[in-house]
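Data first, discussion second: the structure below is written as structure tokens.
Computed from the coordinates by the stated procedures, all read-outs in this text should not be read as laboratory data. In this text, all values refer to a predicted model and were calculated from it rather than measured experimentally. Cβ sites come from the backbone with ideal geometry, for glycine too, and all protein chains shown count toward neighbours.
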Amino acid sequence: MKSSFSAFNSSAMTSSTLVRALAGLSALAAGFLLLSPRALAAPDPALAGKKVLLLVGEPDEDHPSDDAAVQAHLQALGLTVTLGKDEDPASRAAGQDLVVISGTVNPYVVPHAYKHAAVPVLTWSAPTYPTLGLTGRLRHKDFDIIEPTQHFAQSFTDLYGYCVDPLHPIAREAGLPSQMFGTLYLQPSVTCWGRPGPAAQVIAIFEGDPNKAGLFTYEKGASLSDGAVAPARRVGFFLGTGNFHLLTAVHGPAARDPAAQAWYVGLKLFDASVHWALTPPPAPPPAAPAALHAALAQAAAGKKVLFVERIDSPEGKEADEHNVAYLRGLGFTVTVVDQDAPQGAEAGQDLVVLSATCSKYKLNGKYGKITQPIMCHEGLAADGLKMAGWKRYVDYGEHGEEKESEDPEESYLDIVGAWHPLAAGFKAGPIAFIKEPGTLKWATPTRGAIVIATLPYAPEQCAIFGYERGSVMVDDYVAPARRLLFPLDNPAFDDLTENGLVLYDAAVLWCIGAPGS
Amino acid sequence: MSEPASFRFCLAVVRRRLAVVGWAALAASLAGAPAPSYRVVGHYPLPEGACSAVAIDAAARRLYVGQGNLVRVLNADTGAVVGTIAPAPGVQGLELAPGLNRGFTANAGDDTVTEFDLKSGAVVQTVKTGGKSPVAICYDAEARRIFVANRASGDLSVLAADTGLVTDHVPLGGTLRALVSNGYGSLFVTAEDLSVLHVVDTHTLAALGDDPVAPGVGPGGLAIDPAGRRLFVACANGLMPIVDGDAGFVFQVLPIGSGSSAVVFDRSKQANPDGGPPWKARILAASEQGVLAALRMNAFINYSFHDRSAIPAGARGLAFDPKTGRVLVALPHEILVLGL
């Protein structure tokens, strides 16, 4: 019986068909070696001895499989590959270094337990994304499969990807800058995309649509789309069933051309994805507020902060004063300027803080292009800083604002980027951020941002997020220095909980840290 | 150039599997056998001596056949021998340059190139290539150069078209077998033992890099579609990788029959043997084992296997006659004439 995902060669596999399936796979393996134009890769010493479980589906004569090509390629890289079938229990992942789930699997029979496997998973089975918690469950909205027969023009469109996070290790290894690139060779074939949760790191998108992620990852400890925590690294890749051999690569004279190298990166992205998945993730940040505060105080010594506020603000004046005092107490030299002051005072500063007492209107676009790190407390100013799009209450806004917001006042944030130092060691999930429910700012950054916290029940409304220097912001603007949204309504600094203040310490420390740290 | 042991192992696996599967796939593709692309319409018997190369001057209706130590000139329509060009010791490659009124042979027997007058058949000069065992030759009108692939020494000899004299040598490496020019700056040379295409700049003569032809092994015959920028590589393991000449990327592989040694690309409008609209183009590959495979161009990015025909074993060269649409196959003792 074929599933509705027959395009992905996903007929249900029963024990009675197992022998036939494996025999078919062998034939396909040999068949691939006959017909698949993919040069064998050179062994990678870093991968030698690593074990991979490759889950595949039943061969389908209507949809050619490249599973054998994938297997051969992984083996050529030096990996030890064990073939498994799609209905194999997740216990098969035990002892493996990586689970690869092919697009040929029947998503209906892939055990949900793989979601909890503490082993990295790399997959290009888009219908399995929800099973793994990588995306939501709605086809066409949360994920989709682009088949030439159904989406002919779109399948051509998806021969072109766009890199939105050139700083991601996968993009870096593949040599992919922020640009359009060739995903697959010039033959329309099956591709897929997903719309992962805010904690995912999206490397490449299709059609210029940030909600169509062709290549994305979740770091270990990041919150998955459904709120569960990724037990190990996860990668979603844009392949279909039988087009691994079409992943772009370049040889001969063209390989000398840097532009060609950066264009034909499909196979390099695949290899880099394998490398990244197999690389041990960074140690999670420790939950040690005192140590964090001490580290910040140590880092603050000799550093300068420009604090931009509305001087004598009718609301939030004391909070600004306390904020400044706190920074000075840490050891920063703080200069306070009015929102209306001409730009220029940021010269020589190590950090610019934009208080929520600032009027977005009066800031009139200042500071957006400065080369100093910025910590912005005002979500409404996110567009002017190119941290979010232009539509108020679509791209940025506030919860609890009595005139404009339909959302209630809020005091909690939802930590989704627990893996990152900006999360200060807090576990994923809700955390009391301010003492009493109040106005909380949000914005929806590009996929180039690192999202740490969202507003509760609003995963696209991000409260704490940062752009690393060099990452891609709105309008393809490249961040000249670190940019961070840390939401504080006018009086909210005084309302921060202890946990909120720990997050504040982590935010400041990240802003003044060396890019990449 | 040595290969890592694991790489050699993988290649060995590939070769073994290809040997098993290649003919099975070919047979499967024949299961619903379409109408054959060609039928035998004539034989041009030749005097003693095995044919080693064939080329046609379609406008002059002359067929040139390398045979032993000479070149026989035949009437392309009747097969009658109308002349002989000698000496051409161990001739392996033939190239005609009607625009220059010149023909050239690559003579493996004494490592020379024979230059002859196309109208008179007279030998103009014979020059040493400076390499070992020249087996293929190609005239690039745009660069005004003649390139000779030296099989044993793994290098190219470059002759000036105006003088016929050797001006340069380009070391490439490997066992060279065939070469084609795209007419706008690049020369592609097969290296059988390396399973790559060497790419050479026809102006600077710089070796620009290699295009791998995997999973093809043992590339021999080579043809080009200059407009489509596609290279068709007949490989000894029965595969024809189709290479995007710009990116050096093998984007399709079709089964043709093992031991394929000659290939031609025909872009002229050809009838469809199955009926229907004419094909955009076709590619023909002949193997020494006696298979003529016909591939169909569906689009610049898509080709399909159409059929294969049994021909006598020992094919060493192919020529396409654009005037008649016929294919001329160089067999050991005759030219086999195939027509639609």
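Below is a table of values for the structure above.
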read-out: Residue range of chain A that is longest and free of GluC sites (Glu not before Pro) which are both DSSP loop and sparsely packed (at most 13 other C-beta within 10 Å); value: A:62-314
read-out: Karplus 3J(HN,Hα) series, Hz, for the range A:115-130 with 6.51 cos²θ - 1.76 cosθ + 1.60 (x for Gly, Pro); value: 4, 9, 5, 7, 10, x, 10, 10, 9, 10, 9, 4, x, 8, 3, x
read-out: Per residue convex hull volume, Cα atoms of chain B, in Å³; value: 120
read-out: Hydrodynamic radius by Kirkwood, which averages 1/r over all alpha carbon pairs of the range A:43-155, in angstrom; value: 14.9
read-out: Cα long-axis angle, helix A:289-300 against chain A (0 to 90 degrees, to the nearest 10); value: 70
read-out: Against the rule of thumb 2.2 N^0.38 Å, how large the Cα Rg of the range A:94-179 comes out; value: 1.27
read-out: Convex hull of the range B:271-337 built on C-alpha atoms - directionally averaged projected area, nm²; value: 4.9
read-out: Whole-Hz ³J(HN,Hα) from phi, Karplus 6.51 cos²θ - 1.76 cosθ + 1.60, for the range B:271-284, glycine and proline x; value: 5, 8, x, 8, x, x, x, x, 5, 5, 5, 9, 10, 10
read-out: Burial order of peptide ranges B:260-266, A:62-68 (average beta-carbon count within 10 Å, highest first); value: B:260-266, A:62-68
read-out: DSSP-loop trypsin sites (Lys or Arg not before Pro) across the range B:302-340, with at most 13 other Cβ within 10 angstrom; value: B:LYS323
read-out: Average beta-carbon neighbours from other chains, 10 Å sphere, peptide B:206-215; value: 5
read-out: Residues B:TYR184, B:TYR38, A:TYR326 arranged by fewest to most Cβ contacts within 10 Å; value: B:TYR184, A:TYR326, B:TYR38
read-out: Computed P(r) (all Cα pairs; the range A:419-517; 5 Å bins; percent); value: 2, 13, 23, 26, 19, 11, 5, 0
read-out: Cα-based helix-to-principal-axis angle, A:317-330 vs chain A, degrees rounded to 10; value: 70
read-out: Gyration tensor over alpha-carbon atoms, the range A:357-424, equivalent ellipsoid semi-axes in Å; value: 21, 20, 10
read-out: Estimated translational D of the range B:141-241 in µm²/s (Stokes, Kirkwood radius over Cα pairs; 20 °C; 1.002 mPa s); value: 159
read-out: Sorted peptide list for B:92-104, B:239-251, criterion being average Cβ within 10 angstrom, highest first; value: B:239-251, B:92-104
read-out: With 10 Å bins from 0: P(r) over the range A:223-303, alpha-carbon pairs, percent; value: 13, 25, 23, 19, 15, 4
read-out: The range A:277-422 - Debye-derived log10 I(q)/I(0), Cα point model, q = 0.09, 0.18, 0.19, 0.21 Å⁻¹; value: -0.35, -1.25, -1.32, -1.39
read-out: Residues of the range B:50-72 with amide N under 20 Å of a point placed 7 Å along Cα→Cβ from B:VAL82; value: B:53-67, B:70-72
read-out: Anchor A:LYS403: lysines whose Cα lies under 30 Å away (excluding residues fewer than 8 positions away in-chain); value: A:LYS317, A:LYS360, A:LYS362, A:LYS366, A:LYS386, A:LYS391, A:LYS435, A:LYS441
read-out: Under 26 Å, Cα to Cα: Lys pairs in chain B, sequence gap 8 or more or different chains; value: 5
read-out: Sequence of A:VAL56, B:VAL217 once ranked by neighbouring C-beta atoms within 10 Å, starting from the fewest; value: B:VAL217, A:VAL56
read-out: Dimensions in Å of the protein assembly as shown - Rg and Dmax from alpha carbons; value: 33.4, 110
read-out: Gyration tensor verdict on the range B:184-321 (Cα atoms; rounded if a/c is under 1.5, prolate if a/b is larger than b/c, oblate otherwise); value: oblate
read-out: Averaged over B:240-249, number of beta-carbon atoms from partner chains that fall within 10 Å; value: 6
read-out: Aspartates and glutamates with Cα under 17 Å of A:LYS141, excluding same-chain neighbours fewer than 8 positions away; value: A:ASP158, A:GLU207, A:ASP209, A:ASP226, A:GLU460
read-out: C-alpha long axis of helix A:498-512 to longest principal axis of chain A, angle in °; value: 80
read-out: 15 Å beta-carbon shell around A:VAL451, net charge (K/R +1, D/E -1); value: -1
read-out: Neighbourhood charge, 12 Å Cβ-Cβ cut-off, centred on A:GLY182 and excluding it, Lys, Arg +1 and Asp, Glu -1; value: -2
